[in-house]
Amino acid sequence: MKYFQWASALILGMVAGIMVAQLPGISVQRTIDLDGLASLFVGLILFLGLNLLYQQQSAVARGEKEILIKLAQEAIAASERLDSAFSRCHKEDPLLQCSVEEILASLQRYNNSVHTLASAMKKCKRGSKISLAAIQDNREEYRAVLTETPFPVKYDSGSQRQQQRQQLAVREAFVDLILELNRL
């Protein structure tokens, strides 16, 4: 099974050669001289070398894309954990210190995941093709919605709608990013 690709390429080449030889007006020499054999061998080596380089570059690009998609999915999960922490705590009047710390810790994990994704895209040199501007803008807006200065003692009734709207915008931005990564 290891050499199946090589054998099938050889057979395909032979069949193509036989079919070309059958075309009218084309004559094929029945013997192969050493110059022709050497040219054929060098051409085959060059083709296989270029094919190997292409496959290596393709494997690297595919691996980078998979890592970036995984990081984007982890960032979505971090934003969902932030949403969950807010949902548990937003009704408290006044907010308990442990709830404030939980929201801040969830927000920090979300910020870290976005930063990691941006850093990975920069190292993969995909930043020029795909922009993270929408995600980074949403990150700042999300932080502003949850942690007004000073940190709110109690969230008002409209804050849950703002948070849900911002969570939806964050999610949509990440889905758009994943779709763009899949198009590469």
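The values are calculated or read from the model by the stated rules, or taken from the named source; none is laboratory data. Just so you know, these numbers come straight off a predicted model, no measurement behind them. Positions of Cβ are generated from backbone atoms using ideal geometry, with glycine treated the same way; all protein chains shown enter the neighbour counts. In case anyone asks, the SASA skips ligands and DNA or RNA and just uses the protein heavy atoms, side chains included. Shrake-Rupley method; radii C 1.70, N 1.55, O 1.52, S 1.80 Å.
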In degrees rounded to 10, the 0-90 angle between helix 4-22 Cα long axis and the longest Cα principal axis of the chain is 50
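Tell me, what is the per residue accessible area of the range 137-184 in Å², probe radius 1.4 Å?
In whole numbers, the range 137-184 has 63 Å² accessible per residue.
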Which percent of the accessible heavy-atom area of the chain goes to carbon and sulfur, probe 1.4 angstrom?
-> 61
Could the peptides 71-80, 85-94, 36-45 be put in order, highest first, of the mean number of other beta-carbon atoms found within 10 Å of their residues?
-> 71-80, 85-94, 36-45
Burial ranking of peptide ranges 176-184, 101-109 (average Cβ count within 10 Å, highest at the top) | 101-109, 176-184
q = 0.21 Å⁻¹, the range 20-117: log10 I(q)/I(0) [Debye, one scatterer per Cα] = -1.03
Relative to the chain, whose Cα atoms define the longest principal axis, helix 133-146 and its Cα axis are tilted in degrees, nearest 10, by 20
Going by a ≥ b ≥ c, the root eigenvalues of the Cα gyration tensor, does the range 132-178 fall in the rounded group (a/c under 1.5), the prolate group (a/b larger than b/c) or the oblate group?
-> oblate
Relative to the first principal axis of the alpha-carbon coordinates of the chain, what is the inclination of helix 97-123, with its axis defined by its Cα atoms, in degrees from 0 to 90 and to the nearest 10?
-> 20
Once you have a ≥ b ≥ c as the square roots of the Cα gyration tensor eigenvalues for the range 21-60, tell me rounded if a/c is under 1.5, and otherwise prolate or oblate according to whether a/b is larger than b/c.
-> oblate
Computed helical MRE - 222 nm, the chain, DSSP H runs ≥ 4 contributing -39500 (n - 2.57), nearest 500 = -28000 deg cm²/dmol
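Throw me the Rg/Rh for the range 92-180, computed over C-alpha atoms with Kirkwood Rh, two decimals.
For the range 92-180, the value is 1.05.
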Say each of Asp35 and Ala105 gets a label point 7 Å from the Cα, pointing the same way as Cα to Cβ; how far apart are those two points in nm?
-> 7.9
So, in Å, what gap is there between the alpha-carbon centers of the range 79-97 and the range 22-67?
-> 62
Restricted to pairs 8 or more residues apart or on different chains, the lysines in the range 1-130 with C-alpha atoms under 30 Å apart form a number of pairs equal to 9
Name the most mobile residue of Leu68, Leu34, Leu146, meaning the one with the largest mean-square fluctuation, in a Gaussian network model of the chain with Cα contacts below 10 Å.
-> Leu34
